[in-house]
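Below: one structure, written as C-alpha cells.
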Amino acid sequence: MNLLIDGKAAAVSGASAGLGLAAARALAAEGVRVAICGRDRKRIESAAESIAGLAVPIVADVSTATGATGFVERARSELGAVDILVANAGGPPPGTFSTTDVDAYLGALELNLISVVAMCKAAVPAMQTARWGRVVAITSIAARQPIPDLILSNTARAGLTGFLKTLALEVAADGVTVNSLQPGLHDTDRLRGLHGGNTSQLARSVPVQQIGRPEDFGAVAAFLCSDHARFITGSAIAVDGGAHRALL
C-alpha cells in the first residue's frame, strides 16, 4: 500500500534503537525524510546510517522540555518542515509504591509526559497552519493496564494519554491527527534489560505466543502517519499481541 506521504518530513525522537528506530525506518521506506535523535552521538549516527533514504541524526536529550523543544526546532531547520512527529522516549526505572520516592515521579513525568507536551507545542502549530499533520506518541500498554513494578511508567503514560486525547480534539478540524500506540512486549533492549535477556518465558504469556517484532510495530506507526489514516484521531491503539484482555 502506498501511504501517500512521500516527501513529507518527520521528527522521530528516541530513535537510536528499538521502537523509535523501527518507526523511523518504516517512514523512510515510504519516502519520508526523517530526523532522528538520541543522547549518544555514535549510536544515533549509526542508527541514521541504517535507515534507507534521508535520515538526519541529531544529538538531543528529550527527557527535558528544553531538550525536547530543541530537537523539534533542529529537525525543522534540517528538513525545512516537520509534518510528522513521532514522540518516543525511554522508560523510567522500575519500582513499586513502597520503593519509589516522591521525587522520582517528577523525573518520570518530565521524561514521559512533559517532553511530549513540549514537542507538540513546538511542532503542532505549524501543522495547523499547513492544514495537515500527524502526531503519533509511543506510550505503553501500561496506560491501559498497569504493569507490576513499573509504577512510574504507569503513572506518566496515563497522564500523557489524557493530554493526547485532549489535543486531538482541539486540532482535529485543522487536518492534524493525534494518536498514541501502546506497545506490549517487543524485542527491544529495554525489555531484555528488564528481564535479564530471557524473553522466552515472556513470549508464553502473550496470546500470540511470541514477542513483538520492532519492524511490525514500525509499520503500524507509519500507517497512522499516512494519508489513509486521516479519519483516525484521538485513539490509543494497543499493539500487544492480545495481551490486554479487557473489552475496552
Exercise for review: Could you list all residues from region 140-150 that are in contact (Cβ under 8 Å) with a residue 60 or more places away in the chain and either in contact with a Leu (Cβ under 6 Å, 6 or more places away or on another chain) or in a helix (DSSP H, G or I) (or both)?
Suggested key: Ile141, Ala143
Review point. Do we have Leu152 as modelled with pLDDT of 95 or more, touching a Pro at 6+ places or on another chain (Cβ under 8 Å) and buried (at least 17 other Cβ atoms within 10 Å of the Cβ) here?
Key: yes
Study note, to complete from the structure: Given the conditions (1) buried (at least 23 other Cβ atoms within 10 Å of the Cβ); (2) modelled with pLDDT of 95 or more; (3) hydroxyl-bearing (Ser, Thr, Tyr), every one holds for Thr66 apart from (1)
**Study point:** Subset tally (residues that are of a type in the set (Phe, Trp, Tyr) and closer than 25 Å to Asp40 by Cβ) for region 68-108
**Key:** 1
Practice item. Please work out which one of (1) small (Gly, Ala, Ser); (2) farther than 17 Å from Val62 by Cβ; (3) assigned to a helix (DSSP H, G or I) is the condition Ser205 fails and give its number. Key: (3)
Review point. Quick one: would you say Arg157 is in a helix (DSSP H, G or I), of a type in the set (D, E, K, R) and surrounded by 14 or more Cβ atoms within 10 Å (Cβ to Cβ)?
Key: yes
Check your understanding: Can you name the number of the only condition in (1) within 20 Å of Val102 (Cβ to Cβ); (2) not in a helix (DSSP H, G or I) that Val135 fails?
Key -> (1)
Study note, to complete from the structure: Of the listed residues (Arg134, Arg144), the one being buried (at least 16 other Cβ atoms within 10 Å of the Cβ) and within 15 Å of the chain's Cα centre (by Cα) is Arg134
Review point. Restricting region 101-112 to residues that are of a type in the set (D, E, K, R) and assigned to a helix (DSSP H, G or I), which is farthest from Leu181 (Cα to Cα)?
Key: Asp103
Point to revise | Filter result (touching a strand residue (DSSP E or B) at 6+ places or on another chain (Cβ under 6 Å) and closer than 16 Å to Asp187 by Cβ) within region 21-37 | key: Ala23
Study note, to complete from the structure: Of Arg33, Arg76, Arg43, Arg39, the only residue that is modelled with pLDDT of 95 or more and either of a type in the set (S, T, N, Q) or within 19 Å of Ala219 (Cβ to Cβ) (or both) is Arg33
Point to revise | Residue ID - farthest from the chain's Cα centre (by Cα), chosen from residues in region 119-131 that are aliphatic (A, V, I, L, M) and crowded, with 21+ Cβ neighbours inside 10 Å | key: Met127
Check your understanding: So which pairs qualify, if the first residue must be in region 211-222 and under 14 Å from Asp240 (Cβ atoms), the second must be at pLDDT 95 or above and basic (Lys, Arg), the Cβ gap must be under 8 Å, and the two must be at least 6 apart or on different chains?
Key -> none
Review point. Out of (1) over 18 Å from Leu85 (Cβ atoms); (2) surrounded by 20 or more Cβ atoms within 10 Å (Cβ to Cβ); (3) at pLDDT 95 or above, what's the single condition that is false for Ala173?
Key: (2)
Point to revise | Test: residue in region 155-165 that is touching a strand residue (DSSP E or B) at 6+ places or on another chain (Cβ under 6 Å) and either at pLDDT below 85 or within 19 Å of Pro92 (Cα to Cα) (or both) | key: yes
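The values are calculated or read from the model by the stated rules, or taken from the named source; none is laboratory data. Quick caveat: nothing in here was measured; it's all calculated off a predicted structure. Backbone-built Cβ (ideal geometry, glycine too); neighbour counts: all protein chains shown.
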